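Q: Quick one: structure below, then a few questions.
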């Protein structure tokens, strides 16, 4: 069973799911883009002796949206995660991140190495980047799409089950149980059916992104031991393998599964064992 609660961060609500032993080692869990804290429902029961604190990042799940017109830059999540840690009086903690959440975790660990004990990164190592020469055109496209979004409303799902089926068959499919977890936390009733609580602005492309050189500058500053967990049918493993040697202390693990392998029973059990062993080793040294 989990506890659901929230914190006020600069006038915005950050919603949280928490599992495990409240006096045990804290691990803050950060989900991927357009997911929510329920992304860790499969892993959490396998980690009973860890304090697992999963955050709905801004604009996702049950957390508040950013102010109208404000962009969703990945680095803005760092301040929110630190605010959660500070309010919980967590001087030092580990981070478990999936996809976008892994990128947030790495940036935070680079900025605040004294705060982060260990990193567990699932199908993600660094934020996405743009090639420098493409920036002007991509920024123009993003600005045009931002203006179009202001005039657009997303069509709701007629039934809850229709939303579950859509999530099961998304770009990265998940099993029916996992889809239901994500949808139950991510949907709300509206006129005409059900709609995602998440901010539609999340669907807009970033006007600005870090460059590869900037990302590399962050990676070399990460001092925490890193466990990088990839699915054999996941995404962008070539880039992650190229960047991995920039980390001081990192290991790669390839498991059977796709981009959401932590929501698959077999891979989740292996990930949980890896996390438990890694945290146990850190206590023994």
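The values are calculated or read from the model by the stated rules, or taken from the named source; none is laboratory data. Only a predicted model underlies this, so the values are computations on that prediction, with no experimental measurement involved. Note that each Cβ is placed from the backbone with ideal geometry, even for glycine, and that neighbours are counted across all protein chains shown.
Q: Is it the case, given these coordinates, that residue 199 is closer than 20 Å to residue 33 by Cβ, out of contact with any strand residue (DSSP E or B) (no Cβ under 6 Å at 6 or more places or on another chain) and without any contact (Cβ under 8 Å) to a residue 24 or more places away in the chain?
A: No: the conditions fail for residue 199.
Q: Can you pull out the residues in segment 200-222 that are more than 15 Å from residue 126 (Cα to Cα) and buried (at least 16 other Cβ atoms within 10 Å of the Cβ)?
A: 201, 202, 204, 206, 207
Q: Please determine whether any residue of segment 206-218 is at pLDDT 95 or above and in contact with a helix residue (DSSP H, G or I) (Cβ under 7 Å, 6 or more places away or on another chain).
A: Among the residues of segment 206-218, at least one is at pLDDT 95 or above and in contact with a helix residue (DSSP H, G or I) (Cβ under 7 Å, 6 or more places away or on another chain), which makes the answer yes.
Q: Moving on to the next point. Which residue is farthest from residue 262 (Cα to Cα), if the candidates are limited to segment 166-191 and must be in contact with a strand residue (DSSP E or B) (Cβ under 9 Å, 6 or more places away or on another chain) and surrounded by fewer than 20 Cβ atoms within 10 Å (Cβ to Cβ)?
A: Here the answer is 189.
Q: List every residue pair whose Cβ atoms sit under 9 Å apart, with the two residues 6 or more apart in sequence or on different chains, where the first one lies in segment 259-271 and is free of Cβ contacts under 8 Å to residues at least 24 places away in the same chain and the second, anywhere, is surrounded by fewer than 23 Cβ atoms within 10 Å (Cβ to Cβ) and assigned to a loop (DSSP other than H, G, I, E, B).
A: 266/256; 270/256
Q: Does residue 117 fit the bill of being in contact (Cβ under 8 Å) with a residue 40 or more places away in the chain and on the phi < 0 side of the Ramachandran plot?
A: Judged against the criteria, residue 117 is a match.
Q: Testing residue 123 on (1) in contact with a strand residue (DSSP E or B) (Cβ under 8 Å, 6 or more places away or on another chain); (2) on the phi < 0 side of the Ramachandran plot, one condition comes back false. Which one is that?
A: Here residue 123 meets the rest and fails (2).
Q: As an exercise: evaluate residue 232 against (1) at pLDDT below 95; (2) in contact with a strand residue (DSSP E or B) (Cβ under 8 Å, 6 or more places away or on another chain); (3) surrounded by fewer than 16 Cβ atoms within 10 Å (Cβ to Cβ) and give the number of the one condition it does not meet.
A: All conditions pass for residue 232, except number (1).
Q: Let me ask something else. Being out of contact with any helix residue (DSSP H, G or I) (no Cβ under 9 Å at 6 or more places or on another chain), assigned to a loop (DSSP other than H, G, I, E, B) and over 19 Å from residue 264 (Cα atoms) narrows it down to one residue among 70, 64, 6; which is it?
A: After ruling out the rest, the residue left standing is 64.
Q: In segment 238-257, how many residues are closer than 25 Å to residue 212 by Cα and touching a strand residue (DSSP E or B) at 6+ places or on another chain (Cβ under 9 Å)?
A: Residues meeting the conditions: 11.
Q: Those residues that are part of a helix (DSSP H, G or I), within 19 Å of residue 199 (Cα to Cα) and touching a residue at least 12 places away in the same chain (Cβ under 8 Å), I need them from segment 132-159; list them, please.
A: Listed by number, the residues that qualify are 142, 143, 145, 146, 149.
Q: Out of segment 75-130, which residues are outside any loop (DSSP other than H, G, I, E, B), over 12 Å from the mean Cα position of the chain (by Cα) and under 23 Å from residue 205 (Cα atoms)?
A: 76, 79, 80, 107, 108
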